[in-house]
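Asker: Here's a structure for you.
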Amino acid sequence: MQNKREKIKYLDNLFKETYIKNIVNRNAIKNTEVLEDVLNIISSSVGSLTNPNKLSNSFKSIKNLNVAPNTIKQYLEYCVDSFLIQKANRYDVKGKKYIDTPLKYYFTDIGLRNVRLGFRQQEERTLIRIDDSFRKVIVGSNNIRK
């Protein structure tokens, strides 16, 4: 792949033809539009708390579409099972147990997330390392500073 356009086309094709097609076929999903919408929501709100009940209410109020919270939860699980996204379980330190909902979801591949968003919501990547003098050095995409 020589140029940016070829890379974007490759990632888009990988997302649609490999992940989406696999999830739909493997799980016999009939309403792919809801799956696509759920993925759009997750990709634009990575790391935010995600509650299937609130998403269900959003579908009803915004799209006038009744989607059960369990359907949304199942679609998210299908995406986790296909290694497209990962969920971060929240832990209640006082109660010493995991909290079932809301959860945070992250894309396993940032390139797939970015192609899903049409490259419109990219965060600057930051790498933090410790230099020889044990000082923190922040290395951004265009700069290095101490």
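The values are calculated or read from the model by the stated rules, or taken from the named source; none is laboratory data. Just so it is clear, the model here is predicted, and its values are computed rather than measured. We place every Cβ from the backbone using ideal geometry, glycine too, and count neighbours over all the protein chains shown.
Asker: Within the stretch 40-85, work out how many residues are at pLDDT below 90, within 20 Å of Arg113 (Cβ to Cβ), aliphatic (A, V, I, L, M) and surrounded by fewer than 20 Cβ atoms within 10 Å (Cβ to Cβ).
Answerer: 3
Asker: Go through (1) among the small types (Gly, Ala, Ser); (2) touching a residue at least 40 places away in the same chain (Cβ under 8 Å); (3) out of contact with any strand residue (DSSP E or B) (no Cβ under 8 Å at 6 or more places or on another chain) one by one and return the number of the condition Ala28 breaks.
Answerer: Status for Ala28: all satisfied but (2).
Asker: Pull up the stretch 86-102, narrow it to residues that are modelled with pLDDT under 85 and surrounded by 13 or more Cβ atoms within 10 Å (Cβ to Cβ), then point me to the one that is nearest to Ser45 (Cα to Cα).
Answerer: Restricting to residues being modelled with pLDDT under 85 and surrounded by 13 or more Cβ atoms within 10 Å (Cβ to Cβ), the top hit is Pro102.
Asker: Scan Leu76, Leu55, Leu65 and give me the residue that is part of a loop (DSSP other than H, G, I, E, B), among the aliphatic types (A, V, I, L, M) and under 23 Å from Asn27 (Cβ atoms).
Answerer: Leu65
Asker: Across the stretch 103-117, what is the number of residues that are among the hydrophobic types (A, V, I, L, M, F, W, C) and either surrounded by fewer than 13 Cβ atoms within 10 Å (Cβ to Cβ) or in a strand (DSSP E or B) (or both)?
Answerer: The total comes to 2.
Asker: Which members of the stretch 19-45 meet the condition of being closer than 16 Å to Ala68 by Cβ, part of a loop (DSSP other than H, G, I, E, B) and not charged (D, E, K, R)?
Answerer: If the condition is that a residue be closer than 16 Å to Ala68 by Cβ, part of a loop (DSSP other than H, G, I, E, B) and not charged (D, E, K, R), then Ile29, Asn31 are the ones that fit.
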